[in-house]
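**Student:** Mind looking over this structure? Questions follow.
The values are calculated or read from the model by the stated rules, or taken from the named source; none is laboratory data. Note that the structure is a prediction, hence the values are computed from the model and not measured. Please note: Cβ atoms are built from the backbone with ideal geometry, for glycine as well, and neighbour counts cover all protein chains shown. Protein only, heavy atoms only, side chains kept; ligands, DNA and RNA dropped before computing areas. Shrake-Rupley method; radii C 1.70, N 1.55, O 1.52, S 1.80 Å.
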Amino acid sequence: MIRDITIGQYYTAESVIHRLDPRIKIVGTLIYMISLFLFHKMSGYAAAILFFLFVLFLSRVPFSFSVRGLRPIFLMLIFTAFLNLFWTEGEVLLRIGALEITKEGIWKMAYISLRLILLILGASIMTLTTTPNDLTAGMERLLSPLKIFHAPVHEIAMMMSIALRFIPILIEETNRIMKAQMARGADFESGNILRKLKNMLPLVLPLFVSALRRANDLAQAMDARCYHGGKGRTRMYPLYFKGIDIVACFICMLYLAALYLTVRFLPI
Amino acid sequence: MKEKKGAFLRTEGLVHEYSRRDEEGNVTEIIRAVDGVDLSVEPGEFIAVLGANGSGKSTLAKHFNALLTPTDGVVYLDGKRTDQEENVLAIRQLAGMVFQNPDNQLVSNVVEEDVAFGPENLGVPTKEIRKRVKEGLESVGMYAYRKKSPNHLSGGQKQRVAIAGILAMQSGCIILDEATSMLDPMGRKSIIEQVLRLNKEKKITIILITHHMDEVVHADKVFVMKKGKVALSGTPRQVFGQAELLEECKVTLPEAAQIAEELYEHGMPVRTDILTMQELEEELERIFA
């Protein structure tokens, strides 16, 4: 039975990275991801890989666990690698029939594959070490300047956390309705796509009705507990910067500086 | 606006109507769910409201914490009128509600953060919230589960978390709106025991809305609803003494009382005002001694 939804799978451990303020982790991850687009040199990638390994080591997430995030993009990775390998113009090294492998193609394949891999790994380090609740709280605080433009930041964060609570419940409910309808002779398997979609109706309809009823109940329960929007709300676990958060900021800047120096002064 | 001192909760000629509409939005039918209810509850009392499905007991309950406002009549909670916008937050802080479906009333996916939801809304300082959450969870015996997701808890445990959430708001009153009807017998028993203990030890006013007779035998006062009106009221013993009227309200006697009555009808000299199994046991021992 599915009882917990984890976005990008949270890995439970005690580490400095886990204890970092979620805002630092979100901003740090963004900076890291953007930094990957700023250079075209192998030395830069070496620096980025070293930094990733350093953070991974600190986070105590096993290496094998962290690379799981690559699984869903594996096919895409192979595909882009092939495209770049065979369709880049330049100095021809090898010819197989109509296909040419060029020197530039090999470099480009390596760059782009590494960039994709590091993008995914960098993002997954954040989701592996931050609980969904912390992520939501961090986003709410980071986006709060948008409130000036009347963006419903608090409401969106509240919706996200409610979704986190109710997705497993609705998945369970889907299974229950599915079994109930199958017991009455519903067929969700056979036929072409159109027929399958049509057969989904007896599943989707009761699910929607139930979701709306739940939403209604929850709204009433929130009302009863004095919920009146984000105004004047306090938190049990407010976010505040600690010593390690400031250290983390410095380490991020050090990384950027080191990256600049390697790319600037190393030949490749 | 402090009026009507003394009574914690008081309704005067409370009427609630809602209209059923057809697809074009025209009113096809007006239903009077609550029809002229006058009742009052003293602070620290344990009140039970009984009634069959559709008797209006749930609609009545939602007036006590201003989730609904009266079509006619007035409701005072702690001297504050529920139909005045500025009183609503204070009223809901004073009278917490546990709802029927345990899943649909927990907001957060961590138990302790859910308990903190009420105080957070009230703007209680962080330190105080943590203290209240700890105390709330401890007093319903759920402190060990504070880091768990509600999805891992049983129905009874979820309802206990909901009660902890109300305690953390420092409400003086807990309204249980059929809060036990979706629970198994064990869960039901544990919730009733918790609530009784909170009533005895912390003098928290309890308003129990239910259709299970066995839950109301410990109440100080029972109101039986029928078609939106209070058909019967009094102590449990007074109310259950009126078997015929109860039957009219489609309310059945507690199990022990039913057995006692059957025994009496079959010629056994038992008392007919028995309410609990324990009383029945003692009575039978007395007869056979």
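**Student:** Apply 1/(1 + (r/R0)^6) to the Cβ-Cβ distance of B:Ile287 and B:Leu245, taking R0 = 41 Å, and write down the FRET efficiency to the nearest 0.05.
**Tutor:** In this case the efficiency is close to 0.90.
**Student:** Follow-up. Computed FRET efficiency, Cβ-Cβ of B:Lys202 and B:Ala90, R0 25 Å: what is it to the nearest 0.05? Could the numbers behind the result be given before it?
**Tutor:** Values: r = 20 Å, r/R0 = 0.80.
That gives a FRET efficiency of 0.80.
**Student:** Separate question: What's the extension gain from A:Val247 to A:Phe188 if we count 0.36 nm per residue and subtract their Cα-Cα distance?
**Tutor:** Additional length available on full extension: 15.8 nm.
**Student:** For A:Leu99, B:Leu94, B:Leu246, give the ranking by accessible area with the largest first, probe 1.4 Å. Write out the running numbers ahead of the final one.
**Tutor:** On the way: A:Leu99 65, B:Leu94 35, B:Leu246 0 Å².
In descending accessible area the options line up as A:Leu99, B:Leu94, B:Leu246.
**Student:** If you don't mind, there's one more thing I want to ask. Tell me, in nm to one decimal, what length is gained between A:Lys196 and A:Leu146 on full extension, where the rule is 0.36 nm per residue of separation less the Cα-Cα distance? Intermediate results must be reported in sequence, preceding the final value.
**Tutor:** Values: separation 50, 0.36 × 50 = 18.00 nm, distance 4.30 nm.
Length gained between A:Lys196 and A:Leu146: 13.7 nm.
**Student:** Estimate the FRET efficiency between A:Ala123 and B:Ser40 by the formula 1/(1 + (r/R0)^6), using the beta-carbon distance for r and 56 Å for R0, to the nearest 0.05.
**Tutor:** Values: r = 60 Å, r/R0 = 1.07.
Once rounded, the FRET efficiency stands at 0.40.
**Student:** Nearest 10 degrees, 0 to 90: what angle lies between the long axis of helix A:74-86 and the longest principal axis of chain A (Cα atoms)?
**Tutor:** So the inclination is approximately 30 degrees.
**Student:** Taking a 1.4 Å probe, which of A:Lys103, A:Lys179 shows the most accessible area, and what order do the others take after it? List each step's numbers first, then the result.
**Tutor:** Values: A:Lys103 95, A:Lys179 140 Å².
Solvent-accessible surface, decreasing: A:Lys179, A:Lys103.
**Student:** With every protein chain left in place and a probe of 1.4 Å, what is the accessible surface of A:Thr174, to the nearest 10 Å²?
**Tutor:** Surface accessible to solvent at A:Thr174 totals approximately 30 Å².
**Student:** Follow-up question, since we're still on this one. Quantify how strongly other chains surround peptide B:118-126 by giving the mean number of their Cβ atoms within 10 Å of each of its Cβ atoms.
**Tutor:** On the way: counts 5, 6, 8, 11, 7, 5, 3, 2, 6.
Rounded to a whole number, the mean comes out at 6.
**Student:** Quick check on region A:145-224: what does the Kirkwood estimate of hydrodynamic radius come out to from the alpha carbon pairs, in Å?
**Tutor:** Values: mean 1/r = 0.0660 Å⁻¹.
Taking every pair of different Cα atoms in region A:145-224, averaging 1/r and inverting gives 15.1 Å.
**Student:** Still on this structure: Under a straight-distance cross-link criterion of Cα-Cα below 14 Å, which aspartates and glutamates are reachable from A:Lys147, leaving out those fewer than 8 residues away in the same chain?
**Tutor:** The reachable aspartates and glutamates, counting only those whose Cα sits under 14 Å from A:Lys147, are A:Glu155.
**Student:** Chain A: Rg/Rh from Cα coordinates, Kirkwood Rh?
**Tutor:** Details: Rg = 24.2 Å, Rh = 22.7 Å.
Radius of gyration over Kirkwood radius for chain A works out to 1.07.
**Student:** Taking only Cα atoms, what is the 0 to 90° angle, nearest 10, from helix A:132-143's long axis to the longest principal axis of chain A?
**Tutor:** Roughly 70 degrees between the two axes.
**Student:** Same structure again: Pop a pseudo-label 7 angstrom from the Cα along the beta-carbon direction at both A:Trp87 and A:Ile31 and give the gap in nm to one decimal.
**Tutor:** Spacing of the two 7 Å Cα→Cβ label points: 3.7 nm.
**Student:** Which of the lysines could a cross-linker bridge to B:Lys131, judged by Cα under 24 Å and excluding same-chain residues fewer than eight apart?
**Tutor:** The qualifying lysines are A:Lys231, A:Lys242, B:Lys147, B:Lys148, B:Lys158, B:Lys200, B:Lys202, B:Lys203.
**Student:** When a/c is below 1.5 the answer is rounded, else prolate if a/b is larger than b/c, else oblate, so apply that to chain B with a ≥ b ≥ c taken from the square roots of the Cα gyration tensor eigenvalues. Working shown, then result.
**Tutor:** Numbers: a/c = 1.80, a/b = 1.22, b/c = 1.47.
Oblate, because a/c is 1.5 or more while a/b does not exceed b/c.
**Student:** Measuring from label point to label point, each 7 Å out along Cα→Cβ, what is the A:Lys179 to A:Phe54 span in nm?
**Tutor:** My value for the distance between the label points is 5.2 nm.
**Student:** Using label points projected 7 Å from each Cα along Cα→Cβ, tell me how many nm separate A:Ser113 and B:Lys131, to one decimal.
**Tutor:** 6.1
**Student:** How much accessible surface does B:Arg132 have with a 1.4 Å probe, in Å² rounded to 10?
**Tutor:** Its heavy atoms expose roughly 30 Å² to the probe.
**Student:** Per-residue Cβ counts within 10 Å, from other chains only, averaged over A:228-238: what number is that?
**Tutor:** Details: counts 5, 1, 1, 2, 4, 7, 11, 6, 18, 7, 3.
For peptide A:228-238, the averaged partner shielding equals 6.
**Student:** For B:Asp38, what accessible area in Å² do you get when you roll a 1.4 Å probe over the heavy atoms of the protein chains, rounding to the nearest 10?
**Tutor:** Only protein atoms counted, so the area is about 100 Å².
**Student:** If you don't mind, another one. Which order do the peptides A:215-223, A:257-265 come out in when sorted by mean C-beta neighbours inside 10 angstrom, highest first? Intermediate values should be presented prior to the final figure.
**Tutor:** Values: A:215-223: 16.2, A:257-265: 14.2.
Per-residue mean Cβ counts within 10 Å order the peptides as A:215-223, A:257-265.
**Student:** Angle check, please: helix A:103-129 long axis (alpha carbons) against the longest principal axis of chain A (alpha carbons), in degrees 0 to 90, nearest 10.
**Tutor:** Result, in degrees: 40.
**Student:** List the extent of the Cα atoms of region B:82-240 along each of their three principal axes, largest first, rounded to whole Å.
**Tutor:** Principal axes ranked by extent give 47, 40, 28 Å for the Cα atoms.
**Student:** Using heavy-atom solvent-accessible surface (probe 1.4 Å) with all chains present, what is the largest-first order of B:Glu23, B:Glu248? Show your work: numbers first, answer last.
**Tutor:** Values: B:Glu23 185, B:Glu248 110 Å².
Ranked list, largest accessible area first: B:Glu23, B:Glu248.
**Student:** Which loop-located GluC sites (Glu not before Pro) does region B:149-218 contain, where loop means any DSSP state but H, G, I, E or B and the Cβ has at most 16 other Cβ atoms within 10 Å?
**Tutor:** When the GluC sites (Glu not before Pro) of region B:149-218 are filtered for loop state and at most 16 Cβ neighbours within 10 Å, nothing remains.
**Student:** Please give every one of the lysines within straight-line cross-link reach of B:Lys227, meaning a C-alpha to C-alpha distance under 17 Å, and leave out same-chain neighbours fewer than 8 residues apart.
**Tutor:** B:Lys57, B:Lys62, B:Lys250
**Student:** Continuing with the same structure: If you count, for each residue, the other Cβ atoms within 10 Å and average over each peptide, how do A:49-60, A:188-199, B:265-276 line up from highest to lowest?
**Tutor:** Details: A:49-60: 16.8, A:188-199: 10.3, B:265-276: 13.8.
For the peptides A:49-60, A:188-199, B:265-276, the packing ranking is A:49-60, B:265-276, A:188-199.
**Student:** Could you compute how fast the protein assembly as shown diffuses translationally, taking Rh as the Kirkwood radius over C-alpha pairs and applying Stokes-Einstein at 4 °C with viscosity 1.567 mPa s? Give it in µm² per second. Walk me through the numbers before you get to the answer.
**Tutor:** Numbers: Rh = 28.3 Å.
It comes out at roughly 46 µm²/s.
**Student:** Further question: Taking beta carbons within 10 Å but only from partner chains, what does the mean come to for residues A:210-220? Don't jump to the answer; show the numbers that get you there.
**Tutor:** On the way: counts 0, 0, 0, 2, 4, 1, 1, 6, 7, 1, 8.
That average works out to 3.
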